[in-house]
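The values are calculated or read from the model by the stated rules, or taken from the named source; none is laboratory data. For clarity, every value in this text was computed on a predicted model and none was experimentally measured. Quick reminder, even Gly has a Cβ in these numbers, built from the backbone with ideal geometry, and neighbours come from all protein chains shown. Remember, those area values only see protein heavy atoms, side chains included, never the ligands or the DNA or RNA. Shrake-Rupley method; radii C 1.70, N 1.55, O 1.52, S 1.80 Å.
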Amino acid sequence: MIVQSLLYIEVNLLCLLILALVLMKVLRGNDVRSRQFWFSGVLLASILASALDMLWILVSTGSMSVSPVGSFGINATYYLMASLGSFCWFVYSERVQTSRLVASPARIVVCSAPLMVSFVLVLSSYWTGWALSIDAEGGYHRGSLYAVQFFIVYSYGLVTAAHALVGAFKKENFAVRSQYLSLTYFAVLPLAFITLQAFAPNVPLTCVGVTVALLWVYLDMQEQKISLDPLTQLNNRTQLAKHVAQRMRHRDAGQTLCLFIVDVDRFKGINDIYGHVEGDRALVRVADALRRCCAGGSAFIARYGGDEFIVVRDSARTCDATEMGARLNAELARLDEAAGAPYALHVSVGAAAYREGIETLQDFIREADRELYEAKAARAA
């Protein structure tokens with residue numbers, strides 16, 4: 001029994017240390033976006049749950065003596081951390097997917113309703129025994145509504161995993177498919193390890209499953225940072241070159257491979273008058289407009305550098321830069337109004353269709369640049 005307890009504690013301690021290291025890396029990173037706040041919440045809740053699990057094994061084996069109230073406190077707090085961690089994961093995952101479910105604080109509050117139910121079930125169990133109970137000898141017992149508590153904890157993960165799985169196979173998300181698929185692992189891996197734990201109750205496999213899933217997601221986050229532009233979260237130039245090279249080798253029959261270059265008009269003036277912080281906000285709005293205008297298709301969007309963006313997509317017709325520019329500028333007008341911007345963003349667009357003789361990304365861009373310069377010259381005239 002002592003050997004089994006030590007093994008249980010050692011595995012839990014290893015998981016705790018791994019999660020703590022990941023949390024330190026996340027907190028020290030330069031990515032302060034709100035969704036990373038929620039990922040930190042998942043890590044912190046998981047760390048506390050691992051610590052409480054280790055503490056309980058000491059109590060349950062008689063290595064540590066606490067009162068029945070203390071036993072209830074350990075188990076109830078473990079339940080609360082499991083619920084809180086699951087909710088934080090749900091919000092993080094949905095924000096990665098730019099879901100409307102968590103688009104505002106009010107919507108997050110609505111989504112937290114099951115979490116509040118979980119908290120009430122656990123905290124009231126001291127008197128009702130609904131989720132758990134502790135007998136006079138300090139023994140732990142599941143309550144009559146334990147299944148409800150369990151369902152709440154794992155429904156958050158299952159719902160967002162299903163959402164991510166469906167999103168991963170939508171055409172408009174093909175560029176971030178691996179990222180969406182990694183979001184499903186947090187639901188799949190812990191449940192798989194929970195099932196295994198039924199056959200090995202003395203090994204904390206739930207903790208192992210959560211740790212492996214979170215480590216996988218964290219590593220995927222680091223990979224995304226390498227391939228994404230940090231400001232706009234669009235693909236960077238390296239990913240653009242890889243994508244174009246692949247598409248030029250493997251083109252769809254009956255489709256024209258189009259490259260659009262998008263340039264923000266008079267962007268230097270925004271930086272000079274309103275400052276570089278406002279200039280960054282403007283670039284983010286351009287990126288959002290590109291996403292909205294290209295939604296529903298298989299467009300690959302990248303920030304090429306500065307105030308230039310590239311869109312690569314197939315078309316059954318000609319590569320119409322005028323149509324693309326009109327749609328983008330209409331969307332930018334709506335976003336400017338919503339943001340209360342003191343200026344109006346406008347872009348010029350050039351396009352090129354792939355043809356024989358285009359061998360590199362630079363060749364492709366050079367073709368589109370010609371039309372871009374003509375569009376900007378016509379606007380200046």
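Quick look at the values:
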{"item": "Failed item in (1) assigned to a loop (DSSP other than H, G, I, E, B); (2) among the hydroxyl-bearing types (Ser, Thr, Tyr); (3) in contact (Cβ under 8 Å) with a residue 24 or more places away in the chain, with residue 83 passing the rest", "result": "(1)"}
{"item": "Verdict on residue 81 being surrounded by fewer than 16 Cβ atoms within 10 Å (Cβ to Cβ), among the aliphatic types (A, V, I, L, M) and in contact with a helix residue (DSSP H, G or I) (Cβ under 6 Å, 6 or more places away or on another chain)", "result": "no"}
{"item": "Some residue of the range 250-272 being within 23 Å of residue 98 (Cα to Cα), touching a Phe, Trp or Tyr at 6+ places or on another chain (Cβ under 9 Å) and part of a helix (DSSP H, G or I)", "result": "no"}
{"item": "Unique residue being assigned to a helix (DSSP H, G or I), modelled with pLDDT under 90 and open to solvent by less than 40 Å² (accessible area, probe 1.4 Å) when the list is 26, 91", "result": "26"}
{"item": "Residue within the range 278-292 that is in contact with a strand residue (DSSP E or B) (Cβ under 9 Å, 6 or more places away or on another chain), open to solvent by less than 30 Å² (accessible area, probe 1.4 Å), more than 30 Å from residue 11 (Cα to Cα) and assigned to a loop (DSSP other than H, G, I, E, B) present", "result": "no"}
{"item": "Selected residue (criterion: nearest to residue 99 (Cα to Cα)) from residues of the range 287-314 that are of a type in the set (A, V, I, L, M, F, W, C) and more than 21 Å from the chain's Cα centre (by Cα)", "result": "293"}
{"item": "From 63, 67, residue being more than 18 Å from residue 136 (Cβ to Cβ) and surrounded by fewer than 19 Cβ atoms within 10 Å (Cβ to Cβ)", "result": "63"}
{"item": "Top-ranked residue in the range 283-304 [being out of contact with any Asp or Glu (no Cβ under 9 Å at 6 or more places or on another chain) and touching a residue at least 60 places away in the same chain (Cβ under 8 Å); ranked as nearest to residue 361 (Cα to Cα)]", "result": "304"}
{"item": "Every pair of residues 6+ apart whose Cβ atoms lie under 7 Å, when the first sits in the range 204-230 and is under 17 Å from residue 96 (Cα atoms) while the second is modelled with pLDDT of 85 or more and among the basic types (Lys, Arg)", "result": "229/303"}
{"item": "Matching residues in the range 184-219 - criterion: being open to solvent by less than 70 Å² (accessible area, probe 1.4 Å), touching a Ser or Thr at 6+ places or on another chain (Cβ under 7 Å) and modelled with pLDDT of 85 or more", "result": "207, 210, 214, 217"}
{"item": "Residues of the range 225-266 classified as within 27 Å of the chain's Cα centre (by Cα) and of a type in the set (Gly, Ala, Ser), total", "result": "2"}
{"item": "Those residues of the range 339-381 which are open to solvent by 40 Å² or more (accessible area, probe 1.4 Å), modelled with pLDDT under 90 and closer than 20 Å to residue 289 by Cβ, in sequence order", "result": "339, 371, 376, 379"}
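Residue by residue, here is whether (1) over 22 Å from residue 227 (Cβ atoms); (2) open to solvent by 10 Å² or more (accessible area, probe 1.4 Å); (3) of a type in the set (Lys, Arg) holds:
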{"residue": "266", "(1), (2), (3)": "yes, yes, yes"}
{"residue": "269", "(1), (2), (3)": "yes, yes, no"}
{"residue": "305", "(1), (2), (3)": "no, yes, no"}
{"residue": "310", "(1), (2), (3)": "no, no, no"}
{"residue": "326", "(1), (2), (3)": "yes, yes, no"}
{"residue": "335", "(1), (2), (3)": "yes, yes, no"}
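Per-residue answers, yes or no, for (1) part of a loop (DSSP other than H, G, I, E, B); (2) in contact with an Asp or Glu (Cβ under 6 Å, 6 or more places away or on another chain); (3) under 22 Å from residue 48 (Cα atoms); (4) open to solvent by 60 Å² or more (accessible area, probe 1.4 Å):
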site	(1), (2), (3), (4)
71	no, no, yes, no
98	yes, no, no, yes
106	no, no, no, yes
121	no, no, yes, no
126	no, no, yes, yes
147	no, no, no, yes
